[in-house]
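See structure below.
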Amino acid sequence: MSTSDIRTVLVEREIAHPPEKLWRALTRPHLIAEWLMANDFLPDVGHRFQLRGEWGGVLDCEVLEVEPGETLSYTWNHASADAAFNLESVVTFTLTPVGKGTLLRMEQTGFRPEQKQAFGGARMGWQQFFGKLEQLLERLD
C-alpha cells in the first residue's frame, strides 16, 4: 500500500474567539472532556494519554508536537480484536488568527482504503466535536 492510498479527514472552521482561548480548550484536560472525550492529556511532547469515549472505546495517544497557540499534534490509535478495524492515525490542530477570530484546521490522517466506516465516522464525528467545542467556547471566560 502506498502513502497515496492513505486517506485524511480535514475540517476547517472559522471560530469567533482568539487563538489563546481556543488553545486552552484544546489542551486543558477538563475542557477537552467537555467537547471531545474524557482524558489524561498533558501538552508535553512524548506524553502518552488515553481518550475514553462514551461508547466505551479507548484511544491510545501520544503527543507529537506542541507549538503553543499554533499547532497541536498527537497520535489517535484504536486497537480492535478485528485487525481491519485497527486505526493508527495522527490528529493535527492548526490555529491561524483571522479577522476577529481563529481559523481552526483539524487534519486526521492514516485511514486505510478499506476503513470506509472509520473514515465516514471521523468525518461526521469531528463536525459534532467542533459543534460542542464552539458551545464550550461561548461559556468560557
Percent of alpha-carbon pairs separated by more than 25 Å within the chain: 24
Positive-end residue, the chain charge dipole about Cα centroid, Cβ charges, pick of Phe49, Leu95, Ala83: Leu95
Gap separating the Cα centres of the range 66-141 and the range 1-49, nearest whole Å: 6
Nearest 10 degrees, 0 to 90: helix 116-139 Cα axis against the chain principal axis: 20
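Please compute the length gained on full extension between Ala38 and Glu88, using 0.36 nm multiplied by the number of residues separating them and subtracting their Cα-Cα distance. Write down the numbers at each step before the final one.
Numbers: separation 50, 0.36 × 50 = 18.00 nm, distance 1.96 nm.
In short, 16.0 nm is gained.
At a Förster radius of 30 Å, what calculated FRET efficiency corresponds to the Cβ-Cβ distance of Glu20 and Glu114, to the nearest 0.05? Kindly include the intermediate steps, with their values, before the conclusion.
Numbers: r = 41 Å, r/R0 = 1.35.
Calculated transfer efficiency: 0.15.
Between beta-carbons, use under 10 Å as the cut-off and find the net charge around His47, counting Lys and Arg +1, Asp and Glu -1. Present the calculation step by step, with values, prior to reporting the outcome.
Values: positive: Arg48; negative: Asp40, Asp44, Glu62.
That works out to -2.
List Val63, Val45 from most exposed to least, where exposure is judged by having the fewest other Cβ atoms within 10 Å. Spell out each step's value before the answer.
Working: Val63 19, Val45 12.
Ordered from fewest to most neighbouring Cβ atoms within 10 Å, Val63, Val45 come out as Val45, Val63.
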Net charge of Cβ neighbours under 12 Å - reference Thr71; Lys, Arg +1; Asp, Glu -1: -3
Relative counts (whole %) of C-alpha pair distances in the range 58-126, using bins that are 10 Å wide: 19, 45, 26, 9, 1
Sorted by Cβ neighbour density within 10 Å, fewest at the top, the residues Phe111, Phe49: Phe49, Phe111
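Every read-out reported here was derived from the displayed coordinates using simple, explicitly stated rules and does not represent laboratory data. All values derive from a computational prediction rather than experimental measurement. Virtual Cβ from ideal backbone geometry, glycine too; neighbours counted across all protein chains shown.
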